[in-house]
1. Looking only at residues that are part of a loop (DSSP other than H, G, I, E, B) and acidic (Asp, Glu) in segment 621-679, which one is nearest to residue 383 (Cα to Cα)?
2. Look through segment 815-824, keep the residues that are within 26 Å of the chain's Cα centre (by Cα) and more than 14 Å from residue 787 (Cα to Cα), and return whichever of them is surrounded by the most Cβ atoms within 10 Å (Cβ to Cβ).
3. Residues 415, 436: which one is modelled with pLDDT of 85 or more and loosely packed, with under 14 Cβ neighbours inside 10 Å?
4. Quick one: which of 673, 656 is over 34 Å from the mean Cα position of the chain (by Cα) and among the acidic types (Asp, Glu)?
5. Name the single residue, out of those in segment 453-483 being of a type in the set (A, V, I, L, M) and within 11 Å of residue 567 (Cβ to Cβ), that is surrounded by the fewest Cβ atoms within 10 Å (Cβ to Cβ).
6. Filter segment 153-164 for residues that are hydroxyl-bearing (Ser, Thr, Tyr) and surrounded by fewer than 18 Cβ atoms within 10 Å (Cβ to Cβ); which is farthest from residue 192 (Cα to Cα)?
7. Let me spell it out: the conditions are (1) touching a strand residue (DSSP E or B) at 6+ places or on another chain (Cβ under 8 Å); (2) farther than 19 Å from residue 652 by Cβ, and residue 748 meets all of them except one. Which number is the exception?
8. Report yes if residue 407 is in contact (Cβ under 8 Å) with a residue 40 or more places away in the chain and of a type outside the set (Phe, Trp, Tyr), otherwise no.
Amino acid sequence: MNGSTWKKWDLHIHTPMTHLNGTGFQCSISDYVSKLAAEELDLIGVTNYFYFKENELEIVKDEIRAQRHRITVLGNVEFRIVQQNNGGEWINVHVVFSEKLTTTQINTILSSMPITNTSPDGRVVYCSQTSMQANGVKAEQAVVDFKILNAHLSAHLQRGTDYLIGICPNGYGGFRPDIKDGRSVAIALELEKIGDFIFGSTDRDRTFFLDLNRFPNAKERPVFKCSDAHRLDDVGSQYSWIKARPTFEGLRQLLIEPEARVQIEDNFIERTFAKPRFKSITANGSIIAGQPLKFDDTTIEINPNMAAIIGGRGTGKSILLDSIRSKFRHDPLGTNPARQINTEQFSLVLDQGNGSLLDFNEASNTYGYLHVSQGDIQSVSQNPEQLSKEIKEMLGLTSDAFNPVTTSVVENALTKYRAFIGYWSTTDERNNRINTDTYQNAIIADYQGLIATLTSAENQGLIDQYQANVAQVNKLAAYIAKSAQIKASFTQQIDPINTTIDGHNQSEFSATTIPSIDYNAAIAAIEANDLLARGQIAALNLSNQGIVATFQSQGITQDISSLLGKVTEYQRNIDAANEKLIDITARTAEYRQSIQDRCQLSNLHKAYLEGNSSAIATAFDSLLTENPTWTAEQNELVKEILSDISIFGAIYFNKEKFFSLLLSKLNGGKFRETATQTSIQRLQATFPINTYEDFYRLISNEEMIVLSPDKTVTLEDFCWETEFFNQGGRFELLDFLYLPQNIQTYLHANAEFLYKGKTVTQLSVGQRGTFYVCLKLATDPFGSPFIFDQPEDDLDNDFIMNKLVPIFRKIKKYRQVIIVTHNANLVVNSDAEQIIIAKNDNETLTYQSGSVEDGSVNDPSSIRGQICNILEGGGHAFWLRERKYGLNDK
């Protein structure tokens, strides 16, 4: 039993036994009942004038049972009253009786009710077949005094429990909204005040009688469209859509919820809006491993609108919702995981909104819906940063990562910087730094001096020529070696790119084939150049061989082989040093460029954060913009939910986290705590970074770091102050300050908000929770089901009564709402269509389902009685609601 759902009712329909049948119904009761079933009517008000035929209601009920239909039959007695409309026509009123009253009981009570017509000799005539026939009064002639009728019924029956009164405005000018004065208006108002509901036919009637401004202290009245059928073809021609159990108590419920539970046209939102919803839950067996608690074998049909799960402590209310969450591994907050339930014998059926069903009975099920478990709100709302993260996720701002190309440039710059520092720091066996101009120029000077010692007046020219040839050979050899590196880089770098291009060309979106990078022409040119270089080397070697012969022909008696070997060796070292000088110049330029590259991050990252900040405000503003795909009511509902909320972006610099992490990247001994300052305070004095603007000035290499009162340096200068660093050196610091993934740990765009004009620090946890729930609903208002476990635990009671209840009443038309609650006001005033009562019998959980109109507050076994017993203030909540709609006054 899934509570109150939309059904067809016809509260004013005659049968073949009606007194004024004439040539109307020409059919049997069997045909009549078959027609009722064919028209899918769930409740009818069998109508007759002044009294029923003998056993009329039972005859219809018996035939319904015989045909195995489920149609509720209420008795409806129609009276003409002495008050007349502007046209001099009698006014009709209807008395609808509870299904608990038999035809005999109703007729017996009416048989002592006098009509205004009298017998020929002036005697009183009563509303009964015997009295009216005996005195020659026909049903079409009889009239009653409405005040006498009302008093008579009150004397014999209980209003609201045994009967209700319906009045008919159609054809009666006093009920029309365009009639503002005259006698009929006064009569109409008196009738309406006594009546309970309206028999109307148009949306105009419905709108008028739902208007609380139609007269002082007016109450909303439900309007029913009915067929008033007097022949078989008219059965099912007019009806009302009713969201209530097809019972007299269901009818009484409609007086309390006249707008939400009664529709007189077919195209209302709850029949036309495709709403995904959980259709049913099936549970059985063990719940938590190692514990005796278990589900009884049960299937619960879930109402498509709002289901409230109630029960005493430990009865399995929240476990039912935790089972749903565990079934989908649904942990949207990540900070308060629900109990992990054994869901092997727990399954759900989802109606996708169009009648298609999905059966979730596997361990790997996934489905996105809104689920708020116990403690979720408190967990998030106590942590402003976590709350900001949640806000951004709700606004759809979770995936805007910093530009990966720029990130790659920064990473590459840091890699080059690290390489240069390693290169710069390389030493020889005497701990001399070898990659400096000074070191390499010293080598050149030393070897040039050695060559000078080998030179005499007689061999000067030959040695100079030989030295020049060797130097040129070395340059050519270096050139060929560089060519080999370039060719190797083609295969190492371009071939992977070509492989990527080939893969990209396979995409369905590549309409034009991207050509591969062809480096064959470059290889050919390199090899041609290398061939020429080798030819020159051969020529130079041949020239040096000639110099050896010249030595011999000139009669120079030195050890020519050793002499020239030393010249070759010394020249090779000179050339190597010269190559090193060129490399040092290139590496130094690259080092300086790497500093500039990483400093460029400052402006780029700042612009990125400011863009994120603006995006937050833009995303929130879009929530307030009218959505053309929604109805006016949907747009208004979202604006109502957000009415107390303002969200904007702000760049948030977590100073505490920044300095805590910064200290870990440096030599803590340099910032040791003193009698007057903590380590963090000393660090802050050295690094005066108080705002995000200061941070960006630091990483753009402005002079920010205070080493002494008269010495302020840039970050790069500071990196050469080696005493400030641990073994990891400056690189940990630079990674911490420059890599975007590290920056985001202490610097990011926060979603800030105001709720009722207060900032997050000024709000209580309950107010933060209230804000959180409102935004949750506003950012996903009309889609998947909304499950909320015990809202009253984390929300302000004022919000629950004055905002959450009205929100639930409206939003449940567009999305299924399932709550666990101890709060009677949430159940009663939200008009939950379904009540699921959880029970624990010796560690076995069972669930009973029904609706608020089932039973009475005096029946402890009924749904209504259990609401009163389980929920604190339940009976009082019912009383207050009924008093609001005037049901306690009748």
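The values are calculated or read from the model by the stated rules, or taken from the named source; none is laboratory data. Small disclaimer: the values here were computed from a predicted structure and weren't measured. Note that we place each Cβ from the backbone using ideal geometry, even for glycine, and neighbour counts take in every protein chain shown.
1. Going residue by residue through segment 621-679, those that are part of a loop (DSSP other than H, G, I, E, B) are 625-631, 642-644, 654, 665-667, 672-678.
Those still in the list that are acidic (Asp, Glu) too: 626, 644, 673.
Working: 626: 32, 644: 21, 673: 30 Å.
Selected residue: 644.
2. 823
3. On the way: 436 fails: loosely packed, with under 14 Cβ neighbours inside 10 Å.
So the residue among 415, 436 that is modelled with pLDDT of 85 or more and loosely packed, with under 14 Cβ neighbours inside 10 Å is 415.
4. 673
5. Taking the candidates together, the pick is 468.
6. Among residues in segment 153-164 that are hydroxyl-bearing (Ser, Thr, Tyr) and surrounded by fewer than 18 Cβ atoms within 10 Å (Cβ to Cβ), the one farthest from residue 192 (Cα to Cα) is 161.
7. (2)
8. Numbers: in contact (Cβ under 8 Å) with a residue 40 or more places away in the chain: yes; of a type outside the set (Phe, Trp, Tyr): yes.
Yes, satisfied.
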